[in-house]
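The values are calculated or read from the model by the stated rules, or taken from the named source; none is laboratory data. These figures come from a predicted structure and were not determined experimentally. A quick note on method: Cβ atoms are made from the backbone with ideal geometry, for glycine too, and the neighbour counts reach across all protein chains shown.
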């Protein structure tokens, strides 16, 4: 089960070079349910995602997610089958501490689990779009999450920011309000 929040950011919380980063290219073979291929640095992954029946009250994204490793040849073969160009982004992995530190009142089972922000800076036709995702061990932890100062508005419920939707966009004018809120990195 994938439980995450998608959030805008106000500013980069430090020097980007101080964070682990991944160069990501991903494309969609199907969008409902989602069947995605991804190249992340030198890793190749096939991912199946389906919206979970366990919805959170606050718009937190809950998906059933299954991943399988691919080799480069399989990835390149599937890449040829994409109907739309793949997305390109740089992902910065920013440690946030534990659930206990960031999700007051969370249950003991989740308290020691580490959280990290996956901050995505898009390239190509989505240049200027920046947001972060935070994955949680439980819906309870997600609902109790207290954002650090550098994280802004929760946009988890904004369908425009689903990567499968972004891959189909040819005109980003529908995202102008979100791009305007994104810091220039």
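Quick look at the values:
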| item | result |
| --- | --- |
| Residues within region 27-38 that are touching a residue at least 40 places away in the same chain (Cβ under 8 Å) and surrounded by 20 or more Cβ atoms within 10 Å (Cβ to Cβ), tallied | 4 |
| Filter result for residue 45 (within 21 Å of residue 144 (Cα to Cα) and part of a strand (DSSP E or B)) | no |
| Residue satisfying condition, being modelled with pLDDT of 95 or more and either on the phi < 0 side of the Ramachandran plot or crowded, with 16+ Cβ neighbours inside 10 Å (or both), within set 49, 5 | 5 |
| Answer from 105, 100 - the residue that is over 20 Å from residue 15 (Cβ atoms), part of a loop (DSSP other than H, G, I, E, B) and free of Cβ contacts under 8 Å to residues at least 40 places away in the same chain | 105 |
| Restricting region 62-84 to residues that are touching a helix residue (DSSP H, G or I) at 6+ places or on another chain (Cβ under 9 Å) and surrounded by 13 or more Cβ atoms within 10 Å (Cβ to Cβ), the residue that is nearest to residue 41 (Cα to Cα) | 70 |
| Residues of region 8-42 that turn out to be modelled with pLDDT under 95 and not in a loop (DSSP other than H, G, I, E, B), as a count | 5 |
| Hey, residue 124 farther than 22 Å from residue 32 by Cα, at pLDDT below 95, surrounded by fewer than 18 Cβ atoms within 10 Å (Cβ to Cβ) and touching a strand residue (DSSP E or B) at 6+ places or on another chain (Cβ under 8 Å) or not | yes |
| Test: residue in region 10-18 that is surrounded by 12 or more Cβ atoms within 10 Å (Cβ to Cβ) and within 15 Å of the chain's Cα centre (by Cα) | no |
| Top-ranked residue in region 108-133 [being in contact (Cβ under 8 Å) with a residue 40 or more places away in the chain and in contact with a helix residue (DSSP H, G or I) (Cβ under 8 Å, 6 or more places away or on another chain); ranked as nearest to residue 2 (Cα to Cα)] | 131 |
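Okay, residues lined up against (1) more than 20 Å from residue 169 (Cβ to Cβ); (2) outside any helix (DSSP H, G or I):
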residue: 73; (1), (2): yes, no
residue: 85; (1), (2): no, yes
residue: 88; (1), (2): no, yes
residue: 109; (1), (2): yes, no
residue: 116; (1), (2): yes, yes
residue: 121; (1), (2): no, yes
residue: 143; (1), (2): yes, no
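Yes or no, residue by residue, for (1) buried (at least 18 other Cβ atoms within 10 Å of the Cβ); (2) at pLDDT 95 or above:
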site: 116; (1), (2): no, yes
site: 132; (1), (2): yes, yes
site: 171; (1), (2): no, no
site: 181; (1), (2): no, no
